[in-house]
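Structure record follows, encoded as structure tokens.
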Amino acid sequence: MRRTIFFVFFISFVVSNLFAQNWDINTLHRVNGWDNKFVRNYNKFISRSEPYVAIGVPVAMALTAWAKKDKGLLKDAVYVGTSVAGAFVVAYGMKYLVDRERPYERYPDRVHPYSHESSPSFPSGHTASAFALATSLCIKYPKWYVIAPSALWACSVGVSRMNEGVHYPSDVLAGAAIGAGCAIVNIYVNRWLNRWLFGK
């Protein structure tokens with residue numbers, strides 16, 4: 001568990017420092033420049049969907065478990081929900097520790113924002129929550145019909161945040177590492193949580 005926690009923060013540190021600003025801004029400039037109407041609308045939809053999906057999926061799982069009196073599904077819902085919540089807390093805590101400017105603030109001549117955010121840039125909170133949800137679902141339900149759409153949606157969230165001009169690639173990569181890492185760490189946390197909530 002300690003190794004996993006260390007890995008998440010180490011990757012986040014490496015991503016924020018290893019990738020040169022030139023690579024970061026040049027890649028962002030290209031992705032932000034995808035100006036096809038369909039691409040814009042798709043990325044806008046995906047970006048806006050993240051909080052609803054990340055919260056809605058574990059809530060729907062919990063409600064279904066309650067209706068069916070399915071303790072196993074309820075445990076899964078708790079695991080998925082706490083993975084997303086943990087990633088959110090870690091990502092937003094790191095935002096204010098790192099306090100990185102949004103790309104459209106630092107490079108107003110190269111990045112056109114299609115939305116504006118009040119919080120700092122690094123890491124991407126949307127991407128962290130999306131990857132926490134996707135990873136936790138894949139861990140609990142390792143079937144191709146869960147893995148494929150979960151991975152596609154999470155990756156699409158990350159790309160959409162760059163296309164909208166609100167995140168650097170390094171923000172997105174760090175968010176993905178945090179989200180996946182929190183879901184993995186939460187396997188061990190939930191063993192204790194299950195004993196506390198369910199008695200075993």
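Each value in this text was obtained by applying a stated rule to the coordinates, not by laboratory testing. What you see is a predicted model, and the numbers here were worked out from it, not measured in a lab. FYI the Cβ positions are ideal-geometry reconstructions off the backbone, even for glycines, and counts take in every protein chain you see.
Points to keep in mind about this one:
- Checking the cross-link pairs Lys37/Lys95; Lys69/Lys140; Lys75/Lys143 against a 23 Å limit on the alpha carbon distance flags Lys37/Lys95 as lying beyond it.
- Each label point was placed 7 Å from the Cα along the Cα-to-Cβ direction; for Phe38 and Leu97 their separation is 4.2 nm.
- Relative to the longest principal axis of the Cα atoms of the chain, the long axis of helix 144-163 makes an angle of roughly 30 degrees.
- Per-peptide average of other Cβ atoms within 10 Å, ordering 70-81, 108-119, 173-184, 49-60 highest first: 173-184, 70-81, 49-60, 108-119
- Sequence-distant aspartates and glutamates (8 or more away, or on other chains) whose Cα lies within less than 19 Å of Lys44: Asp35, Glu117, Glu164, Asp171
- Folded to 0 to 90 degrees: helix 125-140 orientation relative to the chain principal axis, Cα: 40
- Contour minus Cα-Cα distance for Asn22 and Ala60 (0.36 nm per residue): 9.4 nm
- With a Förster radius of 35 Å applied to the C-beta separation of Leu193 and Phe45, the computed FRET efficiency comes to 0.55.
- Cα centroid separation, segment 52-68 to segment 117-136 (Å): 20
- The residues packed around Ser150, meaning those with a beta-carbon under 15 Å from its beta-carbon, carry a net charge of 0 if Lys and Arg are +1 and Asp and Glu are -1.
- Relative to the longest principal axis of the Cα atoms of the chain, the long axis of helix 2-18 lies at roughly 10 degrees.
- Gain on full stretching of the segment that runs from Val146 to Asp70 - 0.36 nm per residue minus C-alpha separation: 25.4 nm
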